[in-house]
Amino acid sequence: MSSPAINPGFFEPSPFNKRQLYVIGGLSALAIAPFVIWPRLSERLLATDFLPHLYCYLRNPRLVWTHVVADSLIGLAYLAISITLAHLVYKARRDIPFHWMFLAFGLFIIACGGTHFMEVATIWVPLYILSAAVKLFTAVVSVTTAVVLPFTVPRILALVQQAKESQQVTARLRASEERKAALLREVHHRVKNNLAVICSLFYLQSTHTKDKDAAQIFRDMENRVHSMALVHESLYGSENLARIDFAEYAQALARDILSSHAGPNAPVLLKSEMEPLIMGADLAVPCGLILNELISNAFKHGLPHAADGEIKLTLRSGPEHKCSLCVEDNGVGIPADLAVDPGKALGLRLVRSLTQQIRGSFELVKVDRGTSARLQFTVDRHEL
């Protein structure tokens with residue numbers, strides 16, 4: 001879906017260039033020049049050879065103070081509006097288009113406020129010449145703003161129209177993304193359900209198999225498929241349908257494995273120190289399968305008869321997106337002659353293969369009480 005072409009110039013305020021500096025300098029020179037050419041101009045402007053307005057109002061206090069209060073409030077309001085516009089233009093001068101228009105309005109409003117303040121002053125001091133000069137300045141600013149503003153209206157209307165079109169395009173894109181998200185959510189839901197059916201088939205087969213070794217194989221396969229189904233279940237329930245928090249997923253997977261392996265005669269305590277880690281399904285699935293094998297091996301080999309067994313999960317994030325996943329138990333430990341690579345156990349071969357797939361490293365370490373299985377891998381920066 002293509003979006004309408006929007007002219008970036010509409011959104012970029014004109015730079016405060018040399019030409020504008022020249023204009024400001026020229027106007028300042030025009031304002032100062034009359035006082036330089038005619039030194040008595042200031043004296044003439046401040047002449048008071050007239051009667052103040054107080055006598056025009058017949059010195060009526062109510063009438064006088066009505067004018068004073070009204071003109072003062074209007075002048076203060078104009079001043080406050082001008083200060084607000086100036087502050088707005090200063091703070092957002094790089095973001096507001098046509099900022100010069102706000103400045104013109106501010107100057108116009110200040111001039112209008114000045115006329116009202118002069119009305120207050122001339123009640124007691126007859127500065128009618130200065131008042132006339134202020135009104136003349138206000139007239140010039142007002143007429144200039146009124147003449148220039150209509151030429152800006154078409155550009156403003158075009159800007160508003162393009163903004164509306166952009167909003168419409170954004171709304172359509174958002175609706176499209178929501179439809180895609182709903183489709184992707186349905187895919188995760190269907191995959192999870194299909195994997196759950198496969199888990200059920202493995203479970204049923206394990207209950208109908210008399211050979212204990214074969215039944216154990218079916219249960220192991222059930223746990224492996226369940227670890228993959230749990231990834232899609234987590235994706236289905238997350239706001240971001242492409243990524244999950246692996247720490248939450250790992251704890252849920254560990255609890256499921258704990259409930260399927262630990263019995264009342266051999267209770268196992270599960271501890272975890274998991275830092276939040278966001279990753280996509282392409283990395284979460286192999287890491288989940290590895291975690292399933294490590295926890296299952298801890299139950300089957302490290303804690304076969306432990307009355308006070310304990311499994312600890314640790315997930316740490318390091319520099320350069322390198323992560324460490326550790327499964328440690330307090331069981332009998334590993335045999336001295338056990339090696340991961342030549343091992344005949346399917347679980348360890350699967351761990352080795354999946355570790356190579358995610359370009360990580362794996363090691364089994366004998367600790368004081370039991371075994372520590374450590375997986376090192378890197379999360380791509382696009383996954384975060």
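With R₀ fixed at 25 Å, the C-beta to C-beta distance from Leu204 to Arg349 puts the FRET efficiency at about 0.40.
Rounded to whole numbers, the Karplus 3J(HN,Hα) couplings from phi for the stretch 310-315 are 8, 10, 10, 9, 9, 10 Hz, using 6.51 cos²θ - 1.76 cosθ + 1.60 with θ = phi - 60°, and x at Gly and Pro. Scalar couplings 3J(HN,Hα) for the stretch 45-54, obtained by applying the Karplus form with A = 6.51, B = -1.76, C = 1.60 to θ = phi - 60°, are 5, 8, 5, 10, 7, 9, 8, x, 5, 4 Hz; x denotes Gly and Pro. Applying 1/(1 + (r/R0)^6) with r as the Cβ-Cβ distance of Asp380 and Gln251 and R0 = 25 angstrom yields a FRET efficiency of 0.65.
The lysines whose alpha-carbon is closer than 21 Å to the alpha-carbon of Lys192, local same-chain residues fewer than 8 away aside, are Lys180. In summary, no lysines lie within cross-link reach of Lys91, defined as a Cα separation below 17 angstrom excluding same-chain residues under 8 places away. Protection proxy ranking of 278-288, 238-248, by the mean of other Cβ atoms within 10 Å over each peptide's residues and highest first, is 278-288, 238-248.
Given the Cα-Cα distance of Arg185 and Ser260 and 0.36 nm per residue of separation, how much length would full extension add, in nm?
Between Arg185 and Ser260, full extension yields an extra 24.2 nm.
For the pair Thr170 and Val68, what calculated FRET efficiency results from E = 1/(1 + (r/R0)^6), where r is the Cβ-Cβ distance and R0 = 45 Å, to the nearest 0.05? Calculated transfer efficiency: 0.25. For Phe50, no residue has an amide H sitting under 5 Å from its own, ignoring neighbours fewer than 5 places away on the same chain, with H placed 1.01 Å from N.
Cross-link reach is defined here as a Cα-Cα straight distance under 26 Å, omitting same-chain residues fewer than 8 places apart; for Lys300 the lysines meeting it are Lys210, Lys212, Lys271, Lys312, Lys344, Lys366.
Just so you know, all these numbers are worked out from the coordinates, no wet-lab data involved. Please read all numbers here as calculations on a predicted model, not as lab measurements. FYI the Cβ positions are ideal-geometry reconstructions off the backbone, even for glycines, and counts take in every protein chain you see.
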